[in-house]
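Below is one structure, written out as structure tokens; comments come after it.
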Amino acid sequence: MYRAISIAALALLGCTLQAALAAAAEIRLVSPGAVASSLNELIPQFEQSSGHKVTVVYSPALALADRIARGERADVAILGEPAADELQKLGRLVEGSKAVIAVVGVGVFVRRGDPKPAIDTVDAFTLSVKNAKVISYSDPAMGGTAANYVGGLMASLDADGSIKAKTKLTPPAKPLADFVAGGGADFGLNQITEVLADPRLELVGPLPAAIQSYTRYAASLMPDSSNQTAGKDLIEFLRSPAAAGIMRSKGFEPSP
């Protein structure tokens, strides 16, 4: 009798484990690099609490939006809100699934320990740019949201071409950080979260309010996903108060 009960119990346990494995999903998440410092901490928490597995693929935000428009597949996409809205109109994101999870501005940064330029007003920032020997930011042609904004801002300040002559463009993220950390520039410009993620760098501060640009990052489901329920779970987790607290610690501002 006891043997029969044990066999029944083992069979039940086996069914339970099979059900749990069947419920677990492998989620493909595509995201801009500016969110990486937060996701590095949040994704393991989500995986532990949900049982799902998440693979994250990073790309400059505007380049990522272009790839999705041309048919790239994933389960969940994090994008700047304007791009997310446009892709939803094109049917490349699930209507009604978009949730703004964080907001981030552009900051000025230096190699840790280097002199900090004055940036507290637009005039002070402009003078610091003109007095610098070299400034650096990511190449706008590679599709970064902040890089495209900064490129336009620098062009608007560069009446005589002197700023362009001393600007060093780099690939996004680590090459930019490496260049400034190696002493290649007086200062760089990038989204604040990416600056705070690198201990070699020191944030001088955000751009003055009159010339600041904020990116609102939104997570959305993708229509060709076979993991819609798991994707919804991930988005709900990313917009939770606990996730917001971690994102704030990485340099994001609270989402509205």
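The table below lists the values:
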| quantity | calculated |
| --- | --- |
| Inter-residue pairs, beta-carbon under 6 Å, first without any contact (Cβ under 8 Å) to a residue 60 or more places away in the chain and closer than 20 Å to Y58 by Cβ and in segment 136-155, second of a type in the set (A, V, I, L, M, F, W, C) and assigned to a helix (DSSP H, G or I), 6+ apart | Y137/A147; Y137/V150; P140/A147 |
| Out of A197, A219, sole residue that is outside the structural domain of G143 (by TED's automatic domain parsing) and touching a helix residue (DSSP H, G or I) at 6+ places or on another chain (Cβ under 6 Å) | A219 |
| Qualifying positions in segment 140-155 - part of a loop (DSSP other than H, G, I, E, B) and either loosely packed, with under 14 Cβ neighbours inside 10 Å or among the aliphatic types (A, V, I, L, M) (or both) | none |
| Residue satisfying all of: in segment 107-145; among the polar types (S, T, N, Q) and modelled with pLDDT of 95 or more; nearest to A185 (Cα to Cα) among these | S136 |
| Residues of segment 156-170 classified as within 19 Å of P60 (Cβ to Cβ) and either of a type in the set (S, T, Y) or loosely packed, with under 15 Cβ neighbours inside 10 Å (or both), total | 2 |
| Failed item, numbered, when I246 is tested on (1) at positive phi; (2) within 17 Å of the chain's Cα centre (by Cα) | (1) |
| Lone qualifier among G245, G251, G205 - being small (G, A, S) and assigned to a loop (DSSP other than H, G, I, E, B) | G251 |
| Residues located in segment 113-139, provided they are in a helix (DSSP H, G or I) and buried (at least 20 other Cβ atoms within 10 Å of the Cβ) | F125, V129 |
| Every pair of residues 6+ apart whose Cβ atoms lie under 8 Å, when the first sits in segment 33-53 and is outside the structural domain of L64 (by TED's automatic domain parsing) while the second is surrounded by fewer than 20 Cβ atoms within 10 Å (Cβ to Cβ) | none |
| Members of segment 90-132 that are touching a Leu at 6+ places or on another chain (Cβ under 9 Å), free of Cβ contacts under 8 Å to residues at least 12 places away in the same chain and charged (D, E, K, R) | none |
| Filter pass, A219 being part of a strand (DSSP E or B), modelled with pLDDT of 95 or more and within 27 Å of G71 (Cα to Cα) | yes |
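The values are calculated or read from the model by the stated rules, or taken from the named source; none is laboratory data. Keep in mind the model is a prediction, meaning the values are calculated, not measured. Positions of Cβ are backbone-derived with ideal geometry, glycine not excepted, and every protein chain shown enters the neighbour counts.
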